[in-house]
Amino acid sequence: MSYVNKIMALADSASLRHIEHVACLRCKSCGKKYSLGIQSSCNDCFGPLEVVYNDDVVSEYFRKETIEEGPPNIWRYWPLLPSDRESGLNGLNPGMTPLRDCRNLARFIGIKRIFVKDDTVNPTYSFKDRPVAVSVPKAIELGLKRVGCASTGNLAGATAAAAAKYALSCYVFVPRGLPQTKLLATSIYGAGIIEVKGSYDNANRIANLVADRLSIGLVNINLRPYYVEGSKTLAFEVVEQLKWEEPDRIIVPMGSGALLTAVHRGLNELRKYGLSTGSASVCGTQPARCAPISSAFNNGEDILPVERPETVAESLAIGDPASGGEAIEAIRKTGGFADAPSDEEIIEGQLLLAREEGIFSEPAGGTVIASLKRKVEDGSIASDETVVCLITGNGLKATSHLKFSQYPVVAAPQEAISAIETMEGRRW
């Protein structure tokens, strides 16, 4: 029976919403189990909670053939997502974004093969649509009528768009001074925007306090165990798009560290259920001016929060990363690296990706390309490796740090010819 026919048969009998594929929440630190609810940390040890799945259900439905026949979005992986599939499919359906074979960039940098996982083309132009697509329908399942988030920009837009689709009220908390290009879309989607004095970490703190009083489902705070599960679909898609083979290395931009942790979890789940036998190294990168995770990894120290993060990579400017310790553990376990390029290198990486491959990324993507280049040059990445770079947001979201070229002004054909001859061969 085909995947589609099987789903229809289930819908006629009991419906997928009644298949208990999600078992409980469990503390990552002490192992204590909790029922599925609005909770992100353990009552006993304050460790983070994670979703636990029913192995019997996952083993039955999480197979290559059923995945490949599934919908062209993250819900093809529904047995390992904690929300109701049918409710999820009523959303914006992000995912199955292109895995681009970047041969020009590979030649320029001097490496065998580079793939870019291009999440700039998701519904709100960043990877944040993935975790939001899981956490917002979960909020509805849990009886919430308001959702929101603390954000440096991308998550605000993704949450606002999903809330509009599901007809929910939405409130986002952002650090004061974000580029208006990031907040414009959030406002257009109809969300209430609260600017908070200070850094992202202060916005996160105030959002948390407000949520308790007004019953707001903050996707990346009190709904965090469900939220992070959406991000691991990046790992699922990369391996599926590589014909179920893992690359040698995946480079992930780090803010809170949650994305890298989710990618590592996704790879482990693929191996657990027999869909992959690889051993990709998971590597992280942060801007040098806000690199608490990378600094701790490279210096063998505890994570020291950055009080005033200021970098062109604003989406990564999280001074006190909630998942930093987990990210360090994942990097160590997989033999990866943690890097911290300068703002100048980040902008160069942005331009390099655009001019070699026609992909306009925000600075977070430039951070990934900068680290790729640095690590090839210092020998940390061998020339015969296959590397996947996660490009997580569109460049049009953050343009204030980029300068426009001076354009020639002409009034006659010969002047235009002269201008072209002057520009010929120039790297823009």
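Couple of notes before you dig in:
- Segment 138-158, residues that are within 22 Å of Tyr200 (Cα to Cα) and in a helix (DSSP H, G or I): Asn154, Leu155, Ala156, Gly157, Ala158
- Restricting segment 268-295 to residues that are touching a residue at least 40 places away in the same chain (Cβ under 8 Å) and assigned to a helix (DSSP H, G or I), the residue that is farthest from Ile318 (Cα to Cα): Glu269
- Conditions (1) more than 13 Å from the chain's Cα centre (by Cα); (2) in a loop (DSSP other than H, G, I, E, B); (3) of a type outside the set (A, V, I, L, M): number failed by Gly255: (1)
- Within segment 102-120, considering residues that are hydrophobic (A, V, I, L, M, F, W, C) and touching a strand residue (DSSP E or B) at 6+ places or on another chain (Cβ under 8 Å), the one nearest to Lys375 (Cα to Cα): Ile111
- The residues of segment 171-197 that are more than 21 Å from the chain's Cα centre (by Cα) and of a type in the set (Val, Ile, Thr), listed by number, are Ile188, Ile193, Ile194, Val196.
Yes/no per residue for (1) modelled with pLDDT of 95 or more; (2) surrounded by 24 or more Cβ atoms within 10 Å (Cβ to Cβ); (3) outside the structural domain of Ile293 (by TED's automatic domain parsing):
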site: Lys197; (1), (2), (3): no, no, yes
site: Ser215; (1), (2), (3): no, no, yes
site: Leu218; (1), (2), (3): yes, yes, yes
site: Ala235; (1), (2), (3): yes, yes, no
site: Ile250; (1), (2), (3): yes, yes, no
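- Asn204 meets each of the listed conditions (1) modelled with pLDDT under 95; (2) in contact with a helix residue (DSSP H, G or I) (Cβ under 8 Å, 6 or more places away or on another chain) apart from (2).
- Condition met for Leu89 (touching a Cys at 6+ places or on another chain (Cβ under 7 Å) and of a type outside the set (Gly, Ala, Ser)): no
- Test set (1) under 22 Å from Leu92 (Cβ atoms); (2) β-branched (Val, Ile, Thr); (3) in contact with a Phe, Trp or Tyr (Cβ under 7 Å, 6 or more places away or on another chain); (4) not assigned by TED's automatic domain parsing to the domain that holds Leu390 - Ile206 fails condition number: (1)
- Of the helices (runs of 4 or more DSSP H) that lie entirely inside segment 322-428, those containing 3 or more residues that are among the charged types (D, E, K, R) and in contact (Cβ under 8 Å) with a residue 12 or more places away in the chain span 324-334, 343-357, 363-377.
- The residue that is nearest to Glu362 (Cα to Cα), among those in segment 309-350 that are in contact with an Asp or Glu (Cβ under 8 Å, 6 or more places away or on another chain) and among the aliphatic types (A, V, I, L, M), is Ala313.
- Lone unmet requirement of (1) out of contact with any Pro (no Cβ under 8 Å at 6 or more places or on another chain); (2) not in a helix (DSSP H, G or I) for Glu237: (2)
- Residue among Ser361, Ser380 that alone is buried (at least 19 other Cβ atoms within 10 Å of the Cβ), assigned by TED's automatic domain parsing to the domain that holds Asp119 and within 25 Å of Arg100 (Cβ to Cβ): Ser361
- Residues (in a helix (DSSP H, G or I) and in contact (Cβ under 8 Å) with a residue 12 or more places away in the chain) located in segment 159-186: Thr159, Ala160, Ala161, Ala162, Ala163, Ala164, Lys165, Thr181, Lys182, Leu183, Ala185, Thr186
The values are calculated or read from the model by the stated rules, or taken from the named source; none is laboratory data. In this text, all values refer to a predicted model and were calculated from it rather than measured experimentally. Virtual Cβ from ideal backbone geometry, glycine too; neighbours counted across all protein chains shown.
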